[in-house]
1. What are the residue pairs meeting all of these: first residue in region 54-73, first residue among the aliphatic types (A, V, I, L, M), second residue part of a loop (DSSP other than H, G, I, E, B), Cβ atoms under 7 Å, and 6 or more apart or on different chains?
2. Mind counting the residues in region 22-66 that are over 30 Å from residue 1 (Cα atoms), part of a helix (DSSP H, G or I) and more than 8 Å from the chain's Cα centre (by Cα)?
3. Could you grab me the full set of residues in region 1-43 that are over 30 Å from residue 67 (Cα atoms) and either in contact (Cβ under 8 Å) with a residue 24 or more places away in the chain or surrounded by 13 or more Cβ atoms within 10 Å (Cβ to Cβ) (or both)?
4. Within region 44-73, can you find the residues that are among the β-branched types (Val, Ile, Thr), surrounded by 12 or more Cβ atoms within 10 Å (Cβ to Cβ) and over 11 Å from residue 13 (Cβ atoms)?
5. Could you run through region 18-52 and say how many residues are modelled with pLDDT of 95 or more and of a type in the set (Phe, Trp, Tyr)?
Amino acid sequence: MNQVKRILGVAWILLGIYAGYYLLVSQAIPKFMSDKAEDLVPAIIYTFILMPVITGGLMVFGYYSIIGEYDVK
């Protein structure tokens, strides 16, 4: 079971990278490129608040899973 947790740790890290890429490419950049002023605030929120929290949380969870913090002893 501990080996499965470590393999899933890699999956969590990859999911974190993909989530950051998705938020940046398909959510934030189109809003930055928009001509509407009301699109700037969500773009800033996606880029500077949501992306680091989501990506960082998933990647830290995966890192701790890889190094064995969640292993049953």
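The values are calculated or read from the model by the stated rules, or taken from the named source; none is laboratory data. A quick note: this is a predicted structure, and the numbers were derived from the prediction, not measured. Don't worry about glycine lacking a Cβ; one is built from the backbone with ideal geometry, like all the others, and counts go over all protein chains shown.
1. 72/1
2. Residues flagged as over 30 Å from residue 1 (Cα atoms), part of a helix (DSSP H, G or I) and more than 8 Å from the chain's Cα centre (by Cα) within region 22-66 amount to 26.
3. Going residue by residue through region 1-43, those that are over 30 Å from residue 67 (Cα atoms) are 25-43.
27, 28, 29, 31, 32, 34, 39, 42, 43 - these are the residues of region 1-43 that are over 30 Å from residue 67 (Cα atoms) and either in contact (Cβ under 8 Å) with a residue 24 or more places away in the chain or surrounded by 13 or more Cβ atoms within 10 Å (Cβ to Cβ) (or both).
4. Here is the first cut: in region 44-73, the ones among the β-branched types (Val, Ile, Thr) are 44-45, 47, 49, 53-55, 60, 66-67, 72.
Imposing the further condition that a residue be surrounded by 12 or more Cβ atoms within 10 Å (Cβ to Cβ) reduces the set to 44-45, 47, 54-55, 60, 66.
Residues satisfying the conditions are 44, 45, 47, 54.
5. Final tally of qualifying residues: 4.
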